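The values are calculated or read from the model by the stated rules, or taken from the named source; none is laboratory data. Everything numeric in this text was worked out from a predicted model, so none of it was measured. In this analysis, Cβ positions are derived from the backbone assuming ideal geometry, glycine residues included, and neighbour counts consider all displayed protein chains.
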Amino acid sequence: MCDVDDPVMVAGPKPTQKTCIKCKTSPSVVVVRHATYCKSCFLFTFVGKFRTIIMKSKVVSQKEGERVLLAFSGGPSSRAMLHLLSDFQYIVPHETSKRQLFSGVTICHIDESALFGQEEQGTLARIEAIVRGQYPDLPFVGVRMEDVFGPNYTDSGAFDRVVEAVGGPVGADEFPIRLTPLNAVSPSPDLTPSNATRLTALFDSLTTGTAKEDLYSHLKLTILIHVARREGCTRLFLGDTSTRLAIKTISLTAKGRGYSLPLDVATEDAVSVPGMIVLRPMKDMLSKEVGVYNRFRGLEASVVVAKNFATGVGGRGSIERLTEGGFTGEGWNGMKTGHVQPRSLLVTWLSLPTAEFIVGLDRDFPSTVSTITRTASKLTHAESMNLEQACALCLKPIQLSTKEWRHRITVVTVPSSSTSSPPRSAALPIEPRMTPDLTDHFCYGCQVGLRDMRRVECTGAAFPPYVAERVATREERVEGLRKQIEGFLLEDEDNGKGER
Amino acid sequence: MVKLCGICENERAILKRPKTAQQICKTCFYHVFETEIHHTIIDNNLFKRGDRVAIAASGGKDSTVLAHIMKTLNERHNYGLDLSLLSVDEGITGYRDDSLETVKRNQQQYELPLKIVSYQELYNWSMDDIVKEVGLKNNCTFCGVFRRQALDRGAVMLGVDHIVTGHNADDIAETVLMNILRGDVARLQRCTEIVTAGESMIRRSKPFKYTYEKEIVMYAYFKKLDYFSTECIYSPNAYRGHARIFLKDLEAVRPSAIIGKQFP
């Protein structure tokens, strides 16, 4: 997705070479890594990269009718992507024999302003005006992030239970969630909270920036996939730039998401969402290149930098923040209002005392970003990966027996009577469970994130119904299997389930 | 009011566990620390009964705790291992000669046989000589390659089947990060393996794979283990330093980041 926090550095260092390395005639105006380009060669190369990714992938099919959903945050990368794609789709009137690459492109914008409370103005109206004004032929779909709590985001269309946190704080090993009826969550049954309130409550209940950021990207992806299905799109284009993917690679690894990492940073992912191909056509461009492109094409005026919830958080706010480097709200507000000249903005960033990692490294070693992205693109997912076993929250495949693994390497109990029970029993729960164990419906990364959630009694927060529906459907399948063989099960073998 | 241990709810909690942020007492800390390593050894089938195992000992905290733990667990769970200490003398004046004294003291405390192999006798070059020749740049590359082989040759001299090293979770996470940054996919695949076999077919393993560096320091501190804690005078590698600082920052944001990196 095209996050606004992509570092865009418009002013580069002075080129050492006076002429463009490509045409060798015109004077150069831009430096990309070690190469200097003139304006027209830069644009040619940039457009070429975009088109190569699309043409090399499987997204263009021979038969008619593939629709694209373009994720459009309004930020620099998605703005450039929209421009590139609509150019690529355009057919000169006299070329009658040519066929459009895709049968249609739908633009989808998610308004996240509900995350920041009342005082923040929504982006939806502004974005819609820009898109409808400049691309009147392309259908525009605007959704609000809080809509994900609506019943139409579930498969059945009306699912009335939610998943909420019941466990203790950090350190407690019992996985802290349960399924409950939707209305039981609100303090008084006649006062149902609005979806926006629910969304804010959910984010407020997460105690760490990292967990919030995770949830934020899962919700966004879920919404995009849902909208794509609704609009009959079979292709989803995300505007992740090379810089962004490098940051993602490192931060996802640190979050314990290495298992699904190959899918999360793939140029083309045709497996994780059934019936849809996810493409990242911007993945070969640095954020800097995107910024330069937007400037050359005069797109900067229509780039909308919305408030991101990491805005204004210091460099240690979350894993991703830390990985990205030390940008603070200061720099971004300056960017937003446009009062700060690019060069001084650059200075603001670089002088920040916080640990800047990727962006900092890439400055000193200009090939860092491309090395990481290329490494990541070489990764393949495990053959044993079962794509049907998807995490209820992030919709990514689950690696099996994560709970056992964690229990074995992180012992948090002592055997109650050390003589009778061997250390192995540490892996077993000491107390009988009141609620069924739902751990297996979540991937390791989400399990870690959920431990940063405060209990429902304090917050009244719950996950959107789509999560609960996925959990419940899976549980019911297991229950159905059990019913089939019920007659052959001995009573006391499965006490926990029998009591339910 | 005295804060009670989060596990036994009996004794006073005296430390906050870096891995889980639980506040626990000393006894429980020893228990969980040792049990986790025992699980790692059992689950990965690191040893067979009767194996002769050399502990790679530098005199630093990791290898000192490793020697202590291996001896303790071997006796407690009856692994039936024949343990010994193996040290490499790189020939770094003012660093290795002092740390080897620590190893010699450990040998007496744990009553294990000790073998020291030196670069001087194996290669006829000490690190001091190498640094004189190549300077302070890239000297770590020589040292690393030499040590790997020296350990293997020492192991052959001792006649052991297996070497255990004190690499901890932080070290491995750092290596993962380094390999991503360097774009070394082949190494990235290999670097998280708990057991590797070198050319000499002597198995090497890392029982501390899932153990946090901080907890090793804590264990050594509470057990009052005798270890040597000076950085090598020929300075650590700069690029790895970036990764190390970044990793410590990550740990501060979310402690599970260290284990997370190893989740295969």
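Before moving on, here are some points about what is shown:
- Subset of region B:7-19 (residues that are surrounded by 21 or more Cβ atoms within 10 Å (Cβ to Cβ) and facing chain A (nearest Cβ under 10 Å)): B:Ile7, B:Arg17, B:Lys19
- Complete set of residues in region A:200-247 that are charged (D, E, K, R), modelled with pLDDT under 85 and buried (at least 24 other Cβ atoms within 10 Å of the Cβ): A:Glu213, A:Asp214, A:Arg244
- Set B:Thr192, B:Thr102, B:Thr165, B:Thr175: member being farther than 29 Å from A:Gly256 by Cα and β-branched (Val, Ile, Thr): B:Thr102
- For first residues located in region A:90-113 and more than 15 Å from A:Leu70 (Cβ to Cβ), partners that are in a strand (DSSP E or B) and lie 6+ apart or on another chain with Cβ distances below 6 Å form the pairs A:Asp111/A:Arg144.
- For B:Met157, the requirement of being more than 9 Å from chain A (Cβ to nearest Cβ), at pLDDT 85 or above and in contact with a Leu (Cβ under 8 Å, 6 or more places away or on another chain) is not met.
- Residue in region A:127-144 that is more than 22 Å from A:Thr106 (Cα to Cα) and either assigned to a helix (DSSP H, G or I) or at pLDDT 65 or above (or both) present: no
- B:Thr64, sole failed condition from (1) crowded, with 20+ Cβ neighbours inside 10 Å; (2) in contact (Cβ under 8 Å) with a residue 24 or more places away in the chain; (3) more than 9 Å from chain A (Cβ to nearest Cβ); (4) more than 22 Å from B:Ile163 (Cα to Cα): (4)
- None of B:Phe29, B:Phe33, B:Phe47 is touching a residue at least 40 places away in the same chain (Cβ under 8 Å), closer than 22 Å to B:Tyr110 by Cα and assigned to a loop (DSSP other than H, G, I, E, B) except B:Phe47.
- Any chance B:Val103 is closer than 29 Å to B:Gln189 by Cβ, crowded, with 19+ Cβ neighbours inside 10 Å and within 20 Å of the chain's Cα centre (by Cα): no
- Applying the criterion of at least 3 residues that are of a type in the set (Val, Ile, Thr) to the helices (runs of 4 or more DSSP H) found wholly in region B:52-158 leaves B:61-76, B:127-134, B:139-158.
- Residue in region B:209-223 that is within 14 Å of another protein chain (Cβ to nearest Cβ), at pLDDT below 70 and in a loop (DSSP other than H, G, I, E, B) present: no
- Those residues of region B:166-185 which are over 26 Å from B:Lys71 (Cβ atoms) and more than 10 Å from every other protein chain (Cβ to nearest Cβ), in sequence order: B:Glu174, B:Thr175, B:Met178
- Counting the residues of region A:221-258 that are more than 23 Å from A:Ser57 (Cα to Cα) and either within 14 Å of chain B (Cβ to nearest Cβ) or among the acidic types (Asp, Glu) (or both) gives 10.
The rows are residues; the columns are (1) outside the structural domain of A:Leu138 (by TED's automatic domain parsing); (2) among the β-branched types (Val, Ile, Thr); (3) touching a residue at least 12 places away in the same chain (Cβ under 8 Å); (4) more than 26 Å from A:Lys220 (Cβ to Cβ).
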{"position": "A:Lys24", "(1), (2), (3), (4)": "yes, no, no, yes"}
{"position": "A:Thr36", "(1), (2), (3), (4)": "yes, yes, yes, yes"}
{"position": "A:Val68", "(1), (2), (3), (4)": "no, yes, yes, no"}
{"position": "A:Ser77", "(1), (2), (3), (4)": "no, no, yes, no"}
{"position": "A:Met81", "(1), (2), (3), (4)": "no, no, yes, no"}
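- Among the residues of region A:259-287, those identified as under 15 Å from the mean Cα position of the chain (by Cα), assigned to a loop (DSSP other than H, G, I, E, B) and within 14 Å of another protein chain (Cβ to nearest Cβ) are A:Ser260, A:Val265.
- Residues in region A:1-46 that are among the polar types (S, T, N, Q), at pLDDT below 85 and buried (at least 17 other Cβ atoms within 10 Å of the Cβ): 1 in all.
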